[in-house]
Amino acid sequence: MKFTCIATNSNLININSQEKIVDYLSKKLYEIGEQFSLISYCDNFEKSKNILQGDYEFIFYIGTSSSIYNHNLKDNLSRLFGEKMSSMDATYSSLSKYCSNNNIVFSMQEEMEVMLPNNSIPLCSSNYYNNGFMYKHYNKYIIFLPDNLEFVKENYLSYILPLINDLISFRNEYQIIRCFGILEKDIRSLINDILLDKHFTVNIVSTGLDSAIYFRFDKDIDGTLLQNAISDACNKLNKFIYSTSDSNLFETASELLNLQRKKIVIAETITGGDIYKELSLIDNNNIEETYLFNNFDNAIKHIKIDNNVINTYGKYSVNTIYELSNSLLEGSTADLVVFTLGDINSDCCYMAVGDMDGIHVYKNKINVKDDSMIENLTKTAIFYLIRKLKQNNLQFV
């Protein structure tokens, strides 16, 4: 399906809360292998009409927190649909309860708030003042949401997600390949012939270097055609693949550790404890020990290595992190070690991943120093851990 999102606000300087809703919806679509084809911020309804009348099949329309402003948006949407507005029993009941619980007099503004397009499905809750609606206009679905993230979260899980799931899966099934360390444009280049195959639809949803490739197909498809296409994709993307399931990087690593009954010791500098945090959120039992060092000097106070190594190769080097990782693992009861060594002012980060049979060191170039740097380095370390657990054999099919 083609998804789009429109956020309308007369003051486009003050759209922070709407952006949080857009980010939330983007993440939720990513979880099911979909993404927005377009995200648009408009300062009035008229500027959004072309998008509403375009070929998008599913439109999220985000209003503001103002009942008066939202009423005008709903009225304009109703006119566009050829509908009239009326008070809905569900919205009237939920808002009345909200007003009663919060000592608010139900007056003209509240009367405006409960007005929705005829034939729409109300989205409301007595926990919130504002409401929204779902509406089908021919083959197009429009979801109107107020500028309230908690309201959006509650209604997305209860009503919107089930609708989307019905729409994208009532005819189709899917298989998935997850990759890391390759840009979406390069994935498309490698599997371009598969993308052109008319027997199925391929959706690629990427967050930086982490991508999920969804093969959606009719239940009656020739299994040989599908298997050949997925095998071909796996052969071309082999060294980047970490999963052929819905499990993300951290879930995959945790599942492999559990399957192999192995525990890890983690030491971090530049990643700031994010490796431990992400893995522990899934299963803390996989982690034997964890260390967070603010800098190199703090690390060598805890982990003793030959000073000649540091003097010869420097604080941040392949040899130094190898010795640190080896020393840490030898002094631990863990089966594997994951170590990140780097400085925020440096242009590279060293990572060591291994066990008593061997530790592999990776030198990672830091090209961009922004808010995503630590997240990317954390994911990279986890990807190396997965490679070690799979012994570099990432062929799944």
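The values are calculated or read from the model by the stated rules, or taken from the named source; none is laboratory data. Note that the structure is predicted; figures quoted are calculated from it, not measured. Glycine also receives a Cβ, built like all others from the backbone with ideal geometry; neighbour counts cover every protein chain displayed. Remember, those area values only see protein heavy atoms, side chains included, never the ligands or the DNA or RNA. Shrake-Rupley method; radii C 1.70, N 1.55, O 1.52, S 1.80 Å.
The table below gives the values:
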read-out: Flag for Ile13 being out of contact with any Lys or Arg (no Cβ under 9 Å at 6 or more places or on another chain), free of Cβ contacts under 8 Å to residues at least 12 places away in the same chain and either surrounded by 14 or more Cβ atoms within 10 Å (Cβ to Cβ) or assigned to a loop (DSSP other than H, G, I, E, B) (or both); value: yes
read-out: Flag for Glu46 being free of Cβ contacts under 8 Å to residues at least 24 places away in the same chain, farther than 26 Å from Pro162 by Cα and among the acidic types (Asp, Glu); value: yes
read-out: Residue within region 365-379 that is over 26 Å from the mean Cα position of the chain (by Cα), at pLDDT below 95 and open to solvent by 60 Å² or more (accessible area, probe 1.4 Å) present; value: no
read-out: Hits in region 187-232 (condition: open to solvent by 30 Å² or more (accessible area, probe 1.4 Å) and among the β-branched types (Val, Ile, Thr)); value: Thr201, Thr207, Ile221, Thr224
read-out: Options Ile51, Ile15; residue that is of a type outside the set (Ser, Thr, Tyr), more than 19 Å from Asn148 (Cα to Cα) and in contact with a strand residue (DSSP E or B) (Cβ under 9 Å, 6 or more places away or on another chain); value: Ile51
read-out: Condition check for Leu341: in contact with a Cys (Cβ under 8 Å, 6 or more places away or on another chain), closer than 18 Å to Thr269 by Cβ and either among the basic types (Lys, Arg) or not in a loop (DSSP other than H, G, I, E, B) (or both); value: yes
read-out: Test result for Ser40, small (Gly, Ala, Ser), buried (at least 17 other Cβ atoms within 10 Å of the Cβ) and free of Cβ contacts under 8 Å to residues at least 40 places away in the same chain; value: no
read-out: Residue list for region 301-316, filter: within 38 Å of the chain's Cα centre (by Cα), open to solvent by 50 Å² or more (accessible area, probe 1.4 Å) and either under 16 Å from Ser332 (Cα atoms) or modelled with pLDDT of 95 or more (or both); value: His302
read-out: Scan of region 17-37 for residues that are within 15 Å of the chain's Cα centre (by Cα), of a type in the set (S, T, N, Q) and open to solvent by less than 70 Å² (accessible area, probe 1.4 Å), ordered by number; value: Ser26
read-out: Filtered residues of region 53-69 (kept if open to solvent by 10 Å² or more (accessible area, probe 1.4 Å), touching a residue at least 60 places away in the same chain (Cβ under 8 Å) and of a type outside the set (Phe, Trp, Tyr)); value: Glu57, Thr64, Ser65
